[in-house]
Amino acid sequence: MTLFVIRHAESVENADKYNGFYQDPRPYSGAAAHAISRTIVGLTPRGFRQAQWLAGVLLELAGPEPHVYTSTYRRAIDTAAIALPDLPNGWPQQTALLDEQHYGDATYMTKRELYDSYPELAEDRRLRKHIWTAPGGGESLAEGVLKRAAEFAALAQSELQESRAVVAFTHQTAAVALRALLEACTLPEILAEERKGKMPNAAILHYELRDGRFTRTGTTTPPI
């Protein structure tokens, strides 16, 4: 019984964020920026190819009828639609438990603009990123995202009583939180690894459920 955690395929934000999404000063409000991130940001041509690659790989790894969940963000939903186009009715299911970290009013702010606008948050953002809480209704990695990840891990464990595989299409920050939980590591340990090299788009983390606990068994990364 296996849980597959997948970072969505390459999005237009991943490919060109510093030329298009992060402008200084930011030309839109925090609420508008978050809406853009959630509903508009789709896949690049490379992202489509990565999702097509996932289609072949997941058929072999997860079998014909896995239980599939996506975040509520377009880039994760689109990745799942391309990777697993022939699922039974009712799948995939969208869940906010797999959403990207909510950056609130800081969404798409450059670091300069963020630090100038919220100087009281600068030290945590620089030195303790896992406890930094995004302003304007955002969340921290250590509380909001980690709590959601724990709820999803419990959901996945229950689903694996009915299906041999659960597939989760999510985001880099949510994958960090899931790794910390499933691999019994601290967030700073996982973030230190991420600084050396982020989880690639369309990469698959493999976790087997053994005696009520998840164990990391491998990683599959796209050649594209």
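The values are calculated or read from the model by the stated rules, or taken from the named source; none is laboratory data. In this text the structure is predicted, and so the values were computed from the model without any measurement. Here the Cβ is made from the backbone with ideal geometry for all residues, glycine too, and neighbour counts use every protein chain on show. Areas reflect the complete protein model, heavy atoms only, side chains present, ligands, DNA and RNA absent. Shrake-Rupley method; radii C 1.70, N 1.55, O 1.52, S 1.80 Å.
Each row is one residue, and each column tells you yes or no for (1) open to solvent by less than 40 Å² (accessible area, probe 1.4 Å); (2) within 18 Å of the chain's Cα centre (by Cα).
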position: Leu98; (1), (2): yes, yes
position: His102; (1), (2): no, yes
position: Tyr108; (1), (2): yes, yes
position: Lys111; (1), (2): no, no
position: Ala122; (1), (2): yes, no
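Select from the range 48-57 the residues that are open to solvent by less than 90 Å² (accessible area, probe 1.4 Å) and more than 18 Å from the chain's Cα centre (by Cα) and write down the one among them that is farthest from Leu160 (Cα to Cα).
Trp53
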Quick one: in the range 198-214, of everything that is exposed (fewer than 14 other Cβ atoms within 10 Å of the Cβ) and without any contact (Cβ under 8 Å) to a residue 40 or more places away in the chain, which residue is nearest to Ala76 (Cα to Cα)? Arg213
Let me spell it out: the conditions are (1) surrounded by 17 or more Cβ atoms within 10 Å (Cβ to Cβ); (2) of a type in the set (A, V, I, L, M); (3) over 20 Å from Leu178 (Cα atoms), and Ala80 meets all of them except one. Which number is the exception? (3)
Would the range 10-21 turn up any residue that is buried (at least 23 other Cβ atoms within 10 Å of the Cβ), of a type outside the set (Ser, Thr, Tyr), touching a Ser or Thr at 6+ places or on another chain (Cβ under 8 Å) and assigned to a helix (DSSP H, G or I)? no
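Answer yes or no as to whether Gly90 is open to solvent by less than 60 Å² (accessible area, probe 1.4 Å), small (Gly, Ala, Ser) and in a loop (DSSP other than H, G, I, E, B).
Values: open to solvent by less than 60 Å² (accessible area, probe 1.4 Å): yes; small (Gly, Ala, Ser): yes; in a loop (DSSP other than H, G, I, E, B): yes.
Yes; evaluated as a whole, the condition is true for this residue.
Given the residues Val166, Val176, which is the only one that is under 21 Å from Gly218 (Cα atoms) and in contact with an Asp or Glu (Cβ under 6 Å, 6 or more places away or on another chain)?
Val166
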The range 215-224, residues that are open to solvent by 40 Å² or more (accessible area, probe 1.4 Å) and either modelled with pLDDT under 95 or assigned to a loop (DSSP other than H, G, I, E, B) (or both): Thr221, Pro223, Ile224
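Between Glu208, Glu193, Glu139, which is of a type outside the set (Val, Ile, Thr) and assigned to a helix (DSSP H, G or I)? Even if it seems obvious, please write down each step before you answer.
On the way: Glu208 fails: assigned to a helix (DSSP H, G or I); Glu139 fails: assigned to a helix (DSSP H, G or I).
It is Glu193.
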What's the total number of residues in the range 182-197 that are over 30 Å from Phe48 (Cβ atoms) and open to solvent by less than 40 Å² (accessible area, probe 1.4 Å)? 2
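Limited to the range 29-47, what total is found for residues that are more than 11 Å from Ser11 (Cβ to Cβ) and open to solvent by 30 Å² or more (accessible area, probe 1.4 Å)? I'd like the intermediate steps shown before the answer.
Within the range 29-47, the subset more than 11 Å from Ser11 (Cβ to Cβ) is 29-36, 38-39, 45.
Those still in the list that are open to solvent by 30 Å² or more (accessible area, probe 1.4 Å) too: 29, 31-32, 35-36, 38-39, 45.
Of the residues in that region, 8 qualify.
From the list Ala153, Ala168, pick out the single residue that is open to solvent by less than 50 Å² (accessible area, probe 1.4 Å), under 26 Å from Gln52 (Cβ atoms) and of a type outside the set (Asp, Glu). Break it down stepwise before answering.
Working: Ala153 fails: under 26 Å from Gln52 (Cβ atoms).
After applying the criteria, what remains is Ala168.
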Out of Glu123, Glu100, I need the residue that is outside any loop (DSSP other than H, G, I, E, B) and among the acidic types (Asp, Glu). Which one? Glu123
Please find, among Ala184, Ala174, the residue that is at pLDDT 95 or above, within 21 Å of Ala76 (Cα to Cα) and among the small types (Gly, Ala, Ser). Ala174
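Yes/no matrix, rows are residues, columns are (1) acidic (Asp, Glu); (2) closer than 30 Å to Gly212 by Cβ:
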| position | (1), (2) |
| --- | --- |
| Leu127 | no, no |
| Ala149 | no, yes |
| Leu155 | no, yes |
| Arg164 | no, yes |
| Glu183 | yes, yes |
| Ile190 | no, yes |
| Glu193 | yes, yes |
